[in-house]
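Below: the structure, in structure tokens.
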Amino acid sequence: ITQRQQVSLLIRRELVERAADFNIILDDVSLTELSFGKEYTAAVEAKQVAQQEAQRAAFVVERAKQERQQKIVQAEGEAEAAEMLGKAMGMNPGYLKLRKIRAAQSISRMIAQSQNRVFLPGNSLMINLQDPSFDDLSEKLTKK
């Protein structure tokens with residue numbers, strides 16, 4: 001009980017008044033142990049459980065809000081990256097070829113470091129350096 005002193009004072013007053021009716025003078029009253037009924041104890045426990053569940057629910061809601069905000073920031077970053085990539089490709093058509101070459105390098109590095117040996121046709125590596133458009137692009141870039 002959180003108001004033990006107030007309860008003690010109330011009980012002391014009641015006992016002093018009742019004892020005075022019988023010509024008894026009480027000097028001091030000390031409460032050493034308080035016991036409560038089963039209903040009261042169950043109600044206190046139910047209240048504590050409800051408070052814990054409310055705190056848990058608030059935590060879940062807060063975590064969901066943070067995850068939502070994280071997804072929004074991530075999506076904004078991806079959209080900005082896609083926009084920048086589109087601008088770079090529009091300004092320099094060779095950028096796409098460079099990306100293909102880097103992707104092929106990454107794939108070939110991964111395959112080379114693997115314990116398994118894999119044989120793949122060159123066109124499955126997302127790049128074909130003998131592609132006529134590659135030569136056309138090279139000529140366009142050298143003419144500028």
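Things worth noting here:
- Computed over region 37-91, Kirkwood Rh from alpha-carbon pairs, angstrom: 15.0
- Alpha-carbon gyration tensor eigenvalues x 5, square-rooted, for region 1-126, Å: 82, 20, 11
- In Hz, Karplus ³J(HN,Hα) per residue of region 96-111 (6.51, -1.76, 1.60; θ = phi - 60°; x = Gly, Pro): 5, 5, 4, 4, 5, 5, 5, 5, 5, 5, 4, 5, 5, 5, 5, 5
- Mean projected area of the Cα convex hull of region 1-71, taken over all directions, amounts to 7.2 nm².
- J(HN,Hα) series, region 57-66, from Karplus relation 6.51 cos²θ - 1.76 cosθ + 1.60, nearest Hz, glycine and proline x: 5, 5, 5, 5, 5, 5, 5, 5, 5, 5
- A cut-off under 13 angstrom between Cβ atoms defines the neighbours of Glu45, and their net charge, with Lys, Arg +1 and Asp, Glu -1, is 0.
Where a number appears in this text, it was derived from the coordinates with a stated rule and is not lab data. The structure displayed is predicted, hence computed values, not measured ones. Note that we place each Cβ from the backbone using ideal geometry, even for glycine, and neighbour counts take in every protein chain shown.
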